[in-house]
Amino acid sequence: MLLATLHQAGVATLVHTPNPMRFLNRVCRRPEHEKPAMVIVAGYPRADATIPAHALEKKSLEQLATWL
């Protein structure tokens with residue numbers, strides 16, 4: 001919902017899942033028992049921003065799903 005809402009508001013987003021993630025505990029001063037899931041970077045794009053060509057290449061549903 002967050003990403004869809006940001007997109008509708010005209011905000012560009014980038015979701016990143018670095019490996020390992022535990023460095024975020026130190027950076028954000030969070031306890032060790034918490035486990036970060038992802039980093040979401042958000043901001044307004046420049047007026048001349050473009051989408052990379054490979055981002056427009058989508059796989060078909062048959063390539064992604066297995067039907068039982």
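Numbers at a glance
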item: Sparsely packed trypsin sites (Lys or Arg not before Pro) within the chain, loop by DSSP, other Cβ within 10 Å at most 10; result: 29, 46, 58, 59
item: Å² per residue, accessible surface of the chain at 1.4 Å; result: 96 Å²
item: With all protein chains modelled, accessible area of residue 56 [1.4 Å, Å²]; result: 120 Å²
item: Largest to smallest accessible area among 11, 27 [probe 1.4 Å]; result: 27, 11
item: Label point 7 Å beyond Cα of residue 7 along Cβ direction - residues of region 28-68 with amide nitrogen under 17 Å; result: 40-45, 50-61
item: Over the chain, equivalent-ellipsoid semi-axes from the Cα gyration tensor in Å; result: 28, 22, 12
item: Within the accessible area of the chain (1.4 Å probe), percent carbon and sulfur; result: 60 percent
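The values are calculated or read from the model by the stated rules, or taken from the named source; none is laboratory data. Treat the numbers as computed from the prediction; the structure is a model and nothing was measured. Methodologically, a virtual Cβ is constructed for each residue, glycine included, from the backbone with ideal geometry; neighbour enumeration extends over all protein chains shown. Remember, those area values only see protein heavy atoms, side chains included, never the ligands or the DNA or RNA. Shrake-Rupley method; radii C 1.70, N 1.55, O 1.52, S 1.80 Å.
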